[in-house]
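Reviewing the structure listed below.
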Amino acid sequence: MTPELIEKYLLYNAKWQVVICKTCKYCPVPGKSLARHLMDEHQSILLCTRKELVTWAETLDLVEPDRVMVPNANTPPIEGLELVEDGYKCEYTGCIDPYAGTPSSIIEHCNKKHKWIKTDGIKWTKLALQTFFRGKYKRLFL
């Protein structure tokens, strides 16, 4: 499989040790989840090509989603990942996991974690965020 063919579909980021789907703009979980992702989301890719992509990914040094380090706030946007323009950051001092992807999720976060009420005023700022994974491994970052 040629590098050009691989790069048409997948992008390997050695720094973060992840493979990014160029079409979907997030990282499928390594292993069988990559094969499932290609089968479910990219049926237009020939089966033999999908198999070769999985075989190629198996040669890479990838880490499990819960072991991928979250970039710090000074890290520039990561190539290939979606930039969620409508992200939110909780402004309560010392907040752990302060990012949310929707207005309703930041309100829910502030309600649950900080006992926020409307009369407190807005306690979050709008900003662009990224995530490596979706689903249960989703962790938003700047």
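Here are some notes:
- Positions within region 1-26 being of a type in the set (Lys, Arg) and over 14 Å from Ile78 (Cα atoms), in sequence order: Lys8
- Qualifying residue in region 50-67 (condition: more than 30 Å from Gly121 (Cβ to Cβ) and in contact with a Lys or Arg (Cβ under 7 Å, 6 or more places away or on another chain)): no
- Flag for Ala73 being part of a helix (DSSP H, G or I), closer than 23 Å to Arg139 by Cβ and open to solvent by less than 80 Å² (accessible area, probe 1.4 Å): no
- Within region 11-33, residues that are closer than 19 Å to Arg139 by Cα and of a type in the set (Gly, Ala, Ser) have Cβ atoms under 6 Å from residues that are assigned to a loop (DSSP other than H, G, I, E, B) and open to solvent by 30 Å² or more (accessible area, probe 1.4 Å) in no pair, counting only partners at least 6 apart in sequence or on another chain.
- Residues in region 117-137 that are free of Cβ contacts under 8 Å to residues at least 12 places away in the same chain and either in a loop (DSSP other than H, G, I, E, B) or open to solvent by 90 Å² or more (accessible area, probe 1.4 Å) (or both): Ile117, Lys118, Thr119, Gly121, Ile122, Lys136.
The values are calculated or read from the model by the stated rules, or taken from the named source; none is laboratory data. All values reported here derive from a predicted model rather than from experimental measurement. Counting neighbours? That spans all protein chains shown, and the Cβs are built from the backbone with ideal geometry, glycine included. Calculation scope for accessible area: heavy atoms of the full protein, side chains included, ligands and nucleic acids excluded. Shrake-Rupley method; radii C 1.70, N 1.55, O 1.52, S 1.80 Å.
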